[in-house]
Structure formats: C-alpha cells, structure tokens
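These notes are about the structure you will find just below.
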Amino acid sequence: MKKRKVGIMGGTFDPIHLGHLLAGECAREGAGLDEVWFVPVFLPPHKEQTPGADSRQRWEMVCLAVEGNPYFRPIDVEIAKGGKSYSIETVQILQQRYPDLLFSYIIGADMVQYLPNWHRIDELVRRIGFIGLKRPGTEIRWDLLPEHIRSCVTIVDMPSVDISSTVIRERLKTGHSVRYMVPDKVRLYIEEEKLYG
C-alpha cells in the first residue's frame, strides 16, 4: 500500500496569516501531499526574542486558521514537548507515532541554501524530504549544496505574497487593520485576546 505523504510546516505563527496558508496549499498541490501539518514551535532555536503571543494563544490561532480544511491539521508536538525545538527531534517523535506516513519539511526556497547548517542535517535527510517554496525571483545556488541534500529537495512554485507576522504585529501595534491578511477567525481572536496592541 502506498504511504500517505504529509508536509510539515513549522513556524512561530505569531500570528499565523494567509501567506502561511497559501504556502501550505501550494506545497500540498505542487508536491502531491495528502495533508499539511502546521506545527507551532514552543521556542524557536534560532530566534532570541520571545513571541508576542504565548504558546497557547499561537496554538489556538493555528487551530482556528486551519479549521474546515480537510487537508490541513494542527499538531502540537513541539508545544507539548516544551523548550527549544530542533527539526530532527520533531521528526523522530512524528515518525515514532506515525510509522506509516512519509514526511517532508516545507520551507521557503531561500532557506534551501541554509540546509547544510541545520542541526543534524545528515540524519534529517536520511529520514525525510524537503519541499522548497519558490517565489518569483528567488535564486537557488544548487552548486553550493552537497548532493545528498540536493537530492532530497523538491521545488514548488508559489506566488509572491508580501505578508509577514512582523508586519501584522506592527500594524496592530499602530492601530491599523489586518483584515484580509489573517483569517477572520484569527483576527477576531486577536481582538478578543487583545494581542499585539
């Protein structure tokens, strides 16, 4: 029986926005995934500042954002674990829990270049593949990537969407609307919880 293919989309999601959801959909369609799992980090290993929303709030926003999409699923593996999360640890836990699934990490094509610097990357590429989302104008220097990493990367095209969590937090801080940048349920949740204001 063919294994089901699942894309892992990790992130701070502070807050999750329409760019994240579009990225998930492009990866699903372009790489033929059965599902995309959104995995909010508890503490990202490469970011020093603490997020504007706590882990519970970020988890609840992810749940609201993917609600009603049969192909998207929120997974709290990193939040439940606590502490800093490295991709290799997340993958080990998921593969242990779901041995029948084939996992790939979804990343921006600009991050493909940095894969050699990822924590325990050699073990990671033996376990999973990577889906690089390529926006117009993104250059990938394949010649700089070792062959064993290069062979694990699938590139999928994605339209350019200029939305970021940083911009959203900044807009909210200055009293500007974020309607049509985040799903409506997320926008209402932000208002209720008085986040980023």
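The values are calculated or read from the model by the stated rules, or taken from the named source; none is laboratory data. Note that the structure is a prediction, hence the values are computed from the model and not measured. Here the Cβ is made from the backbone with ideal geometry for all residues, glycine too, and neighbour counts use every protein chain on show. Surface areas here come from the heavy atoms of the whole protein model, side chains and all, with no ligands, DNA or RNA. Shrake-Rupley method; radii C 1.70, N 1.55, O 1.52, S 1.80 Å.
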Whole-angstrom Cα spans of the chain along principal axes, big to small: 48, 38, 34
What accessible area, in Å² to the nearest ten, does a 1.4 Å probe give for Met111? 80
For Thr90, Thr138, write out the residues from largest to smallest accessible area, computed with a 1.4 angstrom probe and no ligands counted. Thr138, Thr90
With +1 at each Lys and Arg Cβ and -1 at each Asp and Glu Cβ, the charge dipole magnitude of the chain around its Cα centre, to the nearest 20 debye, comes out at 200
Cross-link reach from Lys185 to lysines, straight Cα distance under 21 Å and at least 8 residues apart if same chain, gives Lys173, Lys194
Taking the alpha-carbon centre of each part, the distance from the range 172-197 to the range 1-42 in Å is 22
For Asp184 and Asp162 in one chain, what is 0.36 nm times their gap in residues minus the Cα-Cα distance, to one decimal in nm? 6.1 nm
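Trypsin sites (Lys or Arg not before Pro), restricted to the range 160-197: which are DSSP loop and have at most 10 other Cβ atoms within 10 Å?
Lys194
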Rg and Dmax [Cα atoms of the range 141-194; Å; Rg one decimal, Dmax integer]: 18.1, 49
Which ³J(HN,Hα) values, rounded to whole Hz and listed in residue order, are derived for the range 8-19 from phi using the Karplus coefficients 6.51, -1.76 and 1.60 in 6.51 cos²θ - 1.76 cosθ + 1.60 with θ = phi - 60°, glycine and proline given as x? 9, 10, x, x, 6, 6, 10, x, 5, 9, 5, x
Of Trp118, Met158, Gly52, whose Cα points farthest to the positive end of the dipole of the chain (charges on the beta-carbon: +1 Lys, Arg; -1 Asp, Glu; origin at the Cα centre)? Trp118
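Could you do me a favour and compute the accessible area per residue for the range 62-197, 1.4 Å probe, result in Å²? Walk me through the numbers on the way to the answer.
On the way: 7680 Å² over 136 residues.
Counting only protein heavy atoms, the per-residue value for the range 62-197 is 56 Å².
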Give the accessible area for Glu29 in Å² (nearest 10); use a 1.4 Å probe, count only protein heavy atoms, and leave out ligands, DNA and RNA. 140
Accessible area of the range 78-197 belonging to carbon and sulfur atoms, whole % at 1.4 Å probe: 50
MRE, 222 nm, helices only [DSSP H, n ≥ 4, -39500 (n - 2.57), over the chain, to nearest 500]: -10500 deg cm²/dmol
Can you compute the FRET efficiency between Glu191 and Asp122 using 1/(1 + (r/R0)^6), with r the Cβ-Cβ distance and R0 = 35 Å? Round to the nearest 0.05. 0.15
Just to confirm the filter: which trypsin sites (Lys or Arg not before Pro) across the range 102-155 are DSSP coil and have at most 11 other Cβ within 10 angstrom of their Cβ? Arg141
